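Below is one structure, written out as structure tokens; the observations come after it.
Quick note: the coordinates plus some simple rules give every number you see, no bench work behind them. Remember, it's a predicted structure, so these values are computed and weren't measured experimentally. Here the Cβ is made from the backbone with ideal geometry for all residues, glycine too, and neighbour counts use every protein chain on show.
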Amino acid sequence: AGCQFLTTQMFFDNNILYNFLYRIREKGITVPVVAGIMPVTNGKQIARICKLSGTYLPERFKAIVDKFGDNPAAMRQAGVAYAAEQIIDLIANGVEHIHIYSMNKPSIAASIQSSLSEVLK
């Protein structure tokens, strides 16, 4: 219908994106897809995020929030690390376009970019 690219909502399980890509490519949709990654750095915000977006939380991510959600510094570090791992997996699997939903916190996006400096070259 003339669109030049798609941007996904945030997701925490890369398999959801891979399944989506398979289905749209099978239908002949070939535009670039920008993967939406949201680093969760506040344990309290995740319940609201999931309620609003309907996104699925994998058990691995739930365990991170359960363990570190009450410790802001640890949750920030764990959230950045989880998002970085997602991005590494996406790049390794051929995803070329990624958007960081940083929620007006550029330091979070900068932390992710810094931790991936060699991967992004």
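A few points about this structure:
- Once the C-beta distance of A81 and F5 is scaled by a Förster radius of 25 Å, the resulting FRET efficiency is 0.35 to the nearest 0.05.
- In this calculation the C-beta distance from R23 to V119 is compared with R0 = 30 Å, giving a FRET efficiency of 0.65.
- Near V119: Cβ cut-off under 11 Å, other residues only, Lys/Arg at +1 and Asp/Glu at -1. The net charge is -2.
- In the range 18-98, trypsin sites (Lys or Arg not before Pro) in a DSSP loop with at most 15 other beta-carbon atoms within 10 Å: K27, K44
- Span-like helix ranges in the chain, DSSP H, alpha carbon extent 15 angstrom or more, Kyte mean at least -1.0: 14-26, 72-92
- Student exercise, the range 6-115 dipole from Lys, Arg, Asp, Glu Cβ charges, in Debye to nearest 20: 300
- Quotient of C-alpha Rg and 2.2 N^0.38 Å, computed over the range 6-115: 1.07
- For V31 and N104, a Förster radius of 22 Å and the Cβ-Cβ distance give a FRET efficiency of 0.20, rounded to the nearest 0.05.
- Net charge in the neighbourhood of M75 (other residues with Cβ under 14 Å of its Cβ; Lys, Arg +1, Asp, Glu -1) is +3.
- Taking a straight Cα-Cα cut-off under 29 Å and skipping sequence neighbours fewer than 8 places away in the same chain, the lysines within cross-link reach of K105 are K44, K51, K62, K67, K121.
- Gaussian network model of the chain, springs between alpha carbon atoms under 10 Å - residue of L90, L17, L57 with greatest fluctuation: L57
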